[in-house]
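The values are calculated or read from the model by the stated rules, or taken from the named source; none is laboratory data. Keep in mind that this is a model prediction, so the values were computed, not measured. Reconstructed Cβ throughout: ideal geometry from the backbone, glycine too, with neighbour counts over all protein chains shown.
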Amino acid sequence: MAPSRRRQSKHLRPARPLAAGHASSVVKTDGRWVVRPIAGASAVKEYRCPGCDQIIRPGTPHVVVWPADPGLGFVSGTEQRRHWHNSCWTRRR
Ligand SMILES: [Zn+2]
């Protein structure tokens, strides 16, 4: 695919489940989660990973996840976003 073609209509094209950088959803024991990979270059802040309670340092590729189905009292699942290390999220059941 030509680079110029990949760049166009970034916000309009439908998500492809297997394309890097796009949100996808996974099912864990407590429900369905939307997962979006964050590239190291895009990680400019520190986050605390709920899996290991350690800091995710800037520049570390990781994932941001949120519930596909918002909990009670939340308008959108994105209000419940959490940043996880790739390995911690993979280990999570
Ligand atoms: Zn972690």
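Just a yes or no: is a residue in segment 47-65 out of contact with any helix residue (DSSP H, G or I) (no Cβ under 7 Å at 6 or more places or on another chain) and more than 15 Å from His85 (Cβ to Cβ)? Even if it seems obvious, please write down each step before you answer.
Here is the first cut: in segment 47-65, the ones out of contact with any helix residue (DSSP H, G or I) (no Cβ under 7 Å at 6 or more places or on another chain) are 47-48, 50, 53-58, 64.
Now drop any that are not more than 15 Å from His85 (Cβ to Cβ), which leaves none.
Checked segment 47-65: no residue is out of contact with any helix residue (DSSP H, G or I) (no Cβ under 7 Å at 6 or more places or on another chain) and more than 15 Å from His85 (Cβ to Cβ).
Out of all the residues in segment 22-42, which are among the aliphatic types (A, V, I, L, M) and touching a strand residue (DSSP E or B) at 6+ places or on another chain (Cβ under 7 Å)? Break it down stepwise before answering.
Of segment 22-42, the ones among the aliphatic types (A, V, I, L, M) are 23, 26-27, 34-35, 38-39, 41.
Of everything in segment 22-42, those that are among the aliphatic types (A, V, I, L, M) and touching a strand residue (DSSP E or B) at 6+ places or on another chain (Cβ under 7 Å) turn out to be Ala23, Val26, Val34, Val35, Ile38.
When you check Val75 against the structure, is it β-branched (Val, Ile, Thr) and in contact with a helix residue (DSSP H, G or I) (Cβ under 9 Å, 6 or more places away or on another chain), yes or no?
Numbers: β-branched (Val, Ile, Thr): yes; in contact with a helix residue (DSSP H, G or I) (Cβ under 9 Å, 6 or more places away or on another chain): no.
Against the criterion (β-branched (Val, Ile, Thr) and in contact with a helix residue (DSSP H, G or I) (Cβ under 9 Å, 6 or more places away or on another chain)), Val75 does not qualify.
Would you say Gln54 is free of Cβ contacts under 8 Å to residues at least 40 places away in the same chain, polar (S, T, N, Q) and within 16 Å of the ligand (Cβ to nearest atom)? Before you say what the answer is, go through the steps one by one.
Numbers: free of Cβ contacts under 8 Å to residues at least 40 places away in the same chain: yes; polar (S, T, N, Q): yes; within 16 Å of the ligand (Cβ to nearest atom): yes.
It is true that Gln54 is free of Cβ contacts under 8 Å to residues at least 40 places away in the same chain, polar (S, T, N, Q) and within 16 Å of the ligand (Cβ to nearest atom).
Please enumerate the residues belonging to segment 26-52 that are among the hydrophobic types (A, V, I, L, M, F, W, C) and under 14 Å from the mean Cα position of the chain (by Cα).
Taking segment 26-52 first, the residues among the hydrophobic types (A, V, I, L, M, F, W, C) are 26-27, 33-35, 38-39, 41, 43-44, 49, 52.
Val26, Val27, Trp33, Val34, Val35, Ile38, Ala39, Ala43, Cys49, listed by residue number.
Need pairs with beta-carbon distance below 9 Å; first residue surrounded by 12 or more Cβ atoms within 10 Å (Cβ to Cβ) and within segment 66-80, second of a type in the set (Phe, Trp, Tyr) and in a strand (DSSP E or B); sequence gap 6+ or separate chains.
Trp66/Trp33; Pro67/Trp33; Ala68/Trp33; Gly77/Trp33; Gly77/Trp66; Thr78/Trp66; Glu79/Trp66; Gln80/Trp66
Could you identify the single residue in Val35, Val63, Val27, Val75 that is modelled with pLDDT of 90 or more and more than 16 Å from the ligand (Cβ to nearest atom)?
Working: Val35 fails: more than 16 Å from the ligand (Cβ to nearest atom); Val63 fails: more than 16 Å from the ligand (Cβ to nearest atom); Val75 fails: modelled with pLDDT of 90 or more.
It is Val27.
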